[in-house]
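The values are calculated or read from the model by the stated rules, or taken from the named source; none is laboratory data. Quick caveat: nothing in here was measured; it's all calculated off a predicted structure. For neighbour counting, all protein chains shown are included, and Cβ atoms are generated from backbone atoms with ideal geometry for every residue, glycine included.
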Amino acid sequence: MLAIAILAAGKGTRMKSSLPKVLHPLAGKSLIDRVLSSTEGLKPSRKLIVVGHQANLVEDSLKNHQNLDFVLQKPQNGTGHAIQQLIPKLQGFNGELLVLNGDVPLLKEKTLSSLLKYHKESNASVTFLSSSLEAPTGYGRVFTNESGLVKNIVEEKDCTNEQRKNKLINAGIYCFDWQQLSDVLNLLSNQNSQNEIYLTDTISLLKKALHFEVDNPFEIKGINNRLQLSECEHYIQEKLKSLWMSKGVSFIDPISCSLSEDSSFGTDVIIEPQTHLRGKCNIGNGCHLGPGSVITNSTLAENVLAIHSFINEAEVGSNTSIGPFAHIRPESNISKNSKIGNFVEIKKSIIDEGTKINHLSYIGDSTLGKNINIGAGTITANFDGRNKHRTIIDDYSKTGANSVLVAPIKIGSHVTIGAGSTISKDIPDKSLVVERSKAIIRTKTNER
Ligand code: UD1
Ligand code: CA
C-alpha cells in the first residue's frame, strides 16, 4: 500500500510574493501541479496534500485532480509538524508513505519509482533522494556512517562551518515506512535555529535510514526564491526547444521564445524571435510564427503565417496569413487560404476559405462564407447594450470601407455594400446597397 503526502502549507517567505509559493507557475503549470503529476503513475491508494497558508487558493488550483485529501496545518511549524497532521488521517494505515516537498517541481516519475523499489528491496525504515551538489547552499546536509547508513540530516542554518562543507544534500523527497515513522513523529522538538519541527530530524530516530542519489541534480532542484524559479524555467525551456529542434523546428533566436510542454509542431516550422506558445497548441508543417506572436490553446494547419499577432483558443486553416497586428480571440475558426490583416480583431466567428479581412476591422459573433472581401474599417456592431447578436455574410460579398453592419443581420451572397454605409436590415443575394447621406456642396463665399 502506498500513500503520498505533498507538503504545500508554507508561505514561501523567500519568494516575497502574495501568491503561495507552490502556486507559482513554471512553463504555465504550478509547482504543486507538477509535483502531483509526477506521482500519477505510481497509483497511490491515498493522496494527501498538506495545506495551510492560503489553503483555499491551493485547494482551488487542484480542482482538476481527483481523490485528493486536503489536510490543514495551522500554524505552519515546519515540515515535521506538517507530517504530524497526518497521524489522525492515516490511523491503521500500513505501508509506505512517500513524502514530497511541494517546491521540488522537476522530479520524474521514473526516479520516484526507482526510489520506491530501492526502499522496498533494502527493507529500510526510510529512504530519501539525495544528490552531491557543487553548490549545496540552502539544502540540508546528509551525514552517513562507514556502512553507508544515514546518521542524520543537518539543516544548513544549523550546520557548523565544517558540516556546511559537506556537499551531499537532502532533496526533500522521502519514502517512509509509515508504522515506524508514526512511532517517532511525536518525539520531534523545535530546538533549532528556526524553532521549527523538522521532518529531517526523524532520520536519526529511525532504525534504518538510506539515501538514494539521483543521476540528474536538476531533477531535485528546490525552489525557495525567484532566482531558482527562473533557473528551473530556463531548464524546462532549453529542453523543450532542443527537443523540437531535433524534430525539425527552427528557432531564429531561441532564448527569446518560450514553449509549453503540451504544444506540438510539424516539420519546417520557423519560430521567429519573441514568440510564445502557451497551453495546448498544435502547429502544422511549414508554419511561420512571429516575430512577436503569442499563440494560446490553438490549432494552426499547414503553412500558416502569423506575424506580430495574438491567437487565443482558435483554429486556423492552411495557407492562411494572420497579421501583422491581428488579434484572434476564442471560439474563432478561420478556414484555409484566408487573410486576416493589419489591426483586425476577430471574436467568436467562423470564416470560410479564401475570405480576406485585410485592414482595421472588428468581426465578432459572425459567420462569413467563402471568398468574401471585407473592406478596411468594416465593423460588425454585435452588441446592443444588453445582448450580443450574430452577423451572417454569404459567399462572394464585399463590404466597402468603413461599413457598419448592425447585428442581428444577414447579408446574402454576391452583395456589394458601398463605402461608409451603416446597414441594419437583411440584404438579399446579388444586391448593391449604399446607405449614405447626400453630400451638400456649396460654393464658399468670403474665401481668401
Ligand atoms: C527542506 C528540508 C531540507 C532539504 C530541502 C530540499 C526540512 C526541515 N528541510 O528545506 O533538508 O534540503 O527541503 O528542497 O524539511 N512546508 C509545510 N509546512 C511547514 C513548512 C513547510 O507544508 O510548516 C512545505 C513548504 O510549503 C514546502 C516544503 O514544505 O513546499 C519545504 O519547505 P521549505 O521551508 O521550503 O524547506 P527548506 O528550507 O527548503
Ligand atoms: Ca524548499
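Among the candidates Thr127, Thr79, single out the residue that is surrounded by 20 or more Cβ atoms within 10 Å (Cβ to Cβ), in contact with a Cys (Cβ under 8 Å, 6 or more places away or on another chain) and in the same structural domain as Val51 (by TED's automatic domain parsing). Walk me through how you get there before you give the answer.
Numbers: Thr79 fails: in contact with a Cys (Cβ under 8 Å, 6 or more places away or on another chain).
Step by step, each of Thr127, Thr79 is checked, and only Thr127 is surrounded by 20 or more Cβ atoms within 10 Å (Cβ to Cβ), in contact with a Cys (Cβ under 8 Å, 6 or more places away or on another chain) and in the same structural domain as Val51 (by TED's automatic domain parsing).
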Assuming Lys157 fulfils every condition listed in (1) assigned to a helix (DSSP H, G or I); (2) outside the structural domain of Gly279 (by TED's automatic domain parsing); (3) surrounded by 15 or more Cβ atoms within 10 Å (Cβ to Cβ) apart from one, which condition is it? (3)
Do we have any residue at all in region 247-267 that's aliphatic (A, V, I, L, M) and within 18 Å of Ile83 (Cβ to Cβ)? no
Scope region 21-53; condition within 15 Å of ligand 2 (Cβ to nearest atom), part of a loop (DSSP other than H, G, I, E, B) and either farther than 29 Å from Val126 by Cα or of a type in the set (Asp, Glu) (or both); matching residues: His24
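Identify all residues within region 63-119 that are assigned to a helix (DSSP H, G or I), in contact (Cβ under 8 Å) with a residue 60 or more places away in the chain and away from ligand 2 (no atom under 16 Å from the Cβ); write none if there are none.
Start the filter on region 63-119 by keeping residues that are assigned to a helix (DSSP H, G or I), which leaves 79-84, 109-119.
Of the ones still in play, those that are also in contact (Cβ under 8 Å) with a residue 60 or more places away in the chain are 79-84, 109, 111-116, 118-119.
Across region 63-119, the qualifying residues are Gln84, Glu109, Thr111, Leu112, Ser113, Ser114, Leu115, Leu116, Tyr118, His119.
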Return the residues of region 85-104 that are more than 10 Å from ligand 1 (Cβ to nearest atom), in contact with a helix residue (DSSP H, G or I) (Cβ under 6 Å, 6 or more places away or on another chain) and closer than 19 Å to Ser37 by Cα; say none if nothing qualifies. Leu97
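Yes/no matrix, rows are residues, columns are (1) within 16 Å of ligand 1 (Cβ to nearest atom); (2) at pLDDT 95 or above; (3) within 20 Å of Phe93 (Cα to Cα):
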residue: Leu133; (1), (2), (3): yes, yes, no
residue: Gly148; (1), (2), (3): no, no, no
residue: Lys165; (1), (2), (3): yes, yes, no
residue: Tyr174; (1), (2), (3): yes, yes, yes
residue: Gln180; (1), (2), (3): no, yes, yes
residue: Leu185; (1), (2), (3): yes, yes, yes
residue: Gln191; (1), (2), (3): yes, yes, no
Search region 360-391 for residues being under 18 Å from Gly420 (Cβ atoms) and touching a Phe, Trp or Tyr at 6+ places or on another chain (Cβ under 7 Å), and hand back the single one that is surrounded by the fewest Cβ atoms within 10 Å (Cβ to Cβ). Leu360
Considering region 308-344 alone, what residues qualify as being assigned to a loop (DSSP other than H, G, I, E, B) and surrounded by fewer than 19 Cβ atoms within 10 Å (Cβ to Cβ)? His308, Glu313, Ser318, Asn319, Pro324, Phe325, Arg329, Pro330, Glu331, Lys336, Asn337, Phe343
Ser147 being under 26 Å from Leu42 (Cβ atoms) and in the same structural domain as Asn216 (by TED's automatic domain parsing): no
Scanning region 120-142 for residues that are part of a helix (DSSP H, G or I) and free of Cβ contacts under 8 Å to residues at least 40 places away in the same chain gives Lys120, Glu121
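Residue-wise test of (1) aromatic (Phe, Trp, Tyr); (2) over 26 Å from His234 (Cα atoms); (3) not assigned by TED's automatic domain parsing to the domain that holds Thr111.
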| position | (1), (2), (3) |
| --- | --- |
| Leu26 | no, no, no |
| Pro44 | no, yes, no |
| Glu59 | no, yes, no |
| Phe70 | yes, yes, no |
Considering residues that are out of contact with any Asp or Glu (no Cβ under 9 Å at 6 or more places or on another chain) and either surrounded by fewer than 23 Cβ atoms within 10 Å (Cβ to Cβ) or not assigned by TED's automatic domain parsing to the domain that holds Leu115 (or both), the number found within region 164-183 is 6
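Taking region 231-245, which residues are away from ligand 2 (no atom under 16 Å from the Cβ) and within 30 Å of Ser132 (Cβ to Cβ)?
Let us first name the residues in region 231-245 that are away from ligand 2 (no atom under 16 Å from the Cβ), namely 233-245.
Listed by number, the residues that qualify are Glu233, His234, Tyr235, Ile236, Gln237, Glu238, Lys239, Leu240, Lys241, Ser242, Leu243.
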Candidates Asn216, Asn145, Asn186, filtered to the one that is free of Cβ contacts under 8 Å to residues at least 40 places away in the same chain, of a type outside the set (Lys, Arg), over 30 Å from Lys239 (Cβ atoms) and surrounded by fewer than 17 Cβ atoms within 10 Å (Cβ to Cβ): Asn145
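Pull up region 160-180, narrow it to residues that are in contact (Cβ under 8 Å) with a residue 12 or more places away in the chain and part of a helix (DSSP H, G or I), then point me to the one that is nearest to the chain's Cα centre (by Cα). Walk me through how you get there before you give the answer.
Step one: of region 160-180, the residues in contact (Cβ under 8 Å) with a residue 12 or more places away in the chain are 163-164, 166-180.
When the remaining residues are screened for being part of a helix (DSSP H, G or I), the result is 163-164, 178-180.
On the way: Gln163: 39, Arg164: 36, Trp178: 34, Gln179: 38, Gln180: 39 Å.
Once the filter is applied, the top-ranked residue is Trp178.
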When you scan region 219-234, how many residues do you find that are in a helix (DSSP H, G or I), surrounded by 14 or more Cβ atoms within 10 Å (Cβ to Cβ) and among the hydrophobic types (A, V, I, L, M, F, W, C)? 3
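Condition check ((1) more than 30 Å from Ser30 (Cα to Cα); (2) more than 15 Å from ligand 1 (Cβ to nearest atom)) across all residues:
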position: Lys157; (1), (2): no, no
position: Thr160; (1), (2): yes, yes
position: Arg226; (1), (2): no, no
position: Leu243; (1), (2): no, yes
Do you know which of the residues in region 30-71 that are more than 13 Å from Ile223 (Cβ to Cβ) and basic (Lys, Arg) is nearest to ligand 1 (Cβ to nearest atom)? Lys47
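Would region 256-276 turn up any residue that is more than 16 Å from ligand 1 (Cβ to nearest atom), assigned to a loop (DSSP other than H, G, I, E, B), small (Gly, Ala, Ser) and on the phi > 0 side of the Ramachandran plot? Break it down stepwise before answering.
The initial filter retains those residues of region 256-276 that are more than 16 Å from ligand 1 (Cβ to nearest atom), namely 256-276.
Adding the requirement that they be assigned to a loop (DSSP other than H, G, I, E, B) leaves 257, 259-263, 266-268, 272-275.
Filter once more, keeping what is small (Gly, Ala, Ser): 260, 263, 266.
Okay, now just the ones that are also on the phi > 0 side of the Ramachandran plot, so none.
The answer is no, given that none of the residues of region 256-276 is more than 16 Å from ligand 1 (Cβ to nearest atom), assigned to a loop (DSSP other than H, G, I, E, B), small (Gly, Ala, Ser) and on the phi > 0 side of the Ramachandran plot.
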Scanning region 54-105 for residues that are small (Gly, Ala, Ser) and more than 30 Å from the chain's Cα centre (by Cα), which turns out nearest to Leu7 (Cα to Cα)? Gly80
